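Structure record follows, encoded as structure tokens.
The values are calculated or read from the model by the stated rules, or taken from the named source; none is laboratory data. On a predicted model such as this, the values are computed, not experimentally measured, just so you know. Cβ coordinates were reconstructed from backbone atoms using ideal geometry, including for glycine residues, and neighbour counts include every protein chain displayed. What goes into the accessible areas is simple: the full protein's heavy atoms, side chains included, and nothing from ligands, DNA or RNA. Shrake-Rupley method; radii C 1.70, N 1.55, O 1.52, S 1.80 Å.
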Amino acid sequence: MLVGHAEILAIQKACKKLDSWRLLDCEMYVTLEPCSMCAGALINSRISKVYIGTDDEKTGACGSKLNLLEDYKFNHIVQVQKYILKEDCSKILKDFFKYLRERNKNNDK
């Protein structure tokens, strides 16, 4: 079973598929705004653009808490488009974490 942040897992899989660490001309769609680790991975893998569903007010690194993709000058620029299907993405995340809480509560019994 693969464990890790979805962005990192997707980047690893794409690198393997394309047989390159450079994901030039590749774009990524994410439900939740990437954290600083994932934003750094987007930069370092040379992803051209990321589409973000909704903000992560706690750890978001693409505008919510800080903005690694636009406020700093790195050797690669990742374009950002936010709020793709924002309400749908928020609902998916709320439902997912509700499911996890209920599952964990039932497993604790």
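For the stretch 45-109, the extents of the C-alpha atoms along the principal axes are 51, 23, 21 Å, listed from largest to smallest.
Site pair Tyr99 and Tyr29 shows an inter-label distance of 1.8 nm when each label is modelled 7 Å from Cα along Cα→Cβ. About its Cα centre, the dipole of the chain is roughly 340 debye, where the only charges are +1 on Lys and Arg Cβ and -1 on Asp and Glu Cβ. Put a dot 7 Å past the Cα of Val3, heading toward its Cβ, do the same for Asn44, and the two dots end up 2.1 nm apart.
Number of Lys pairs in the chain with C-alpha atoms less than 15 angstrom apart, excluding same-chain neighbours closer than eight positions? All intermediate terms of the calculation are to be shown ahead of the outcome.
Values: Lys49/Lys82; Lys58/Lys94; Lys65/Lys82; Lys86/Lys94.
The number of close lysine pairs in the chain is 4.
Surface composition of the stretch 63-109: carbon and sulfur atoms hold 52% of the protein heavy-atom accessible area at a 1.4 Å probe. Restricting the GluC sites (Glu not before Pro) of the stretch 65-107 to loop positions (DSSP other than H, G, I, E, B) with no more than 14 neighbouring Cβ atoms within 10 Å leaves Glu70. Each 10 Å bin from zero holds the following percent of Cα-Cα pairs in the chain: 14, 42, 30, 11, 3, 0.
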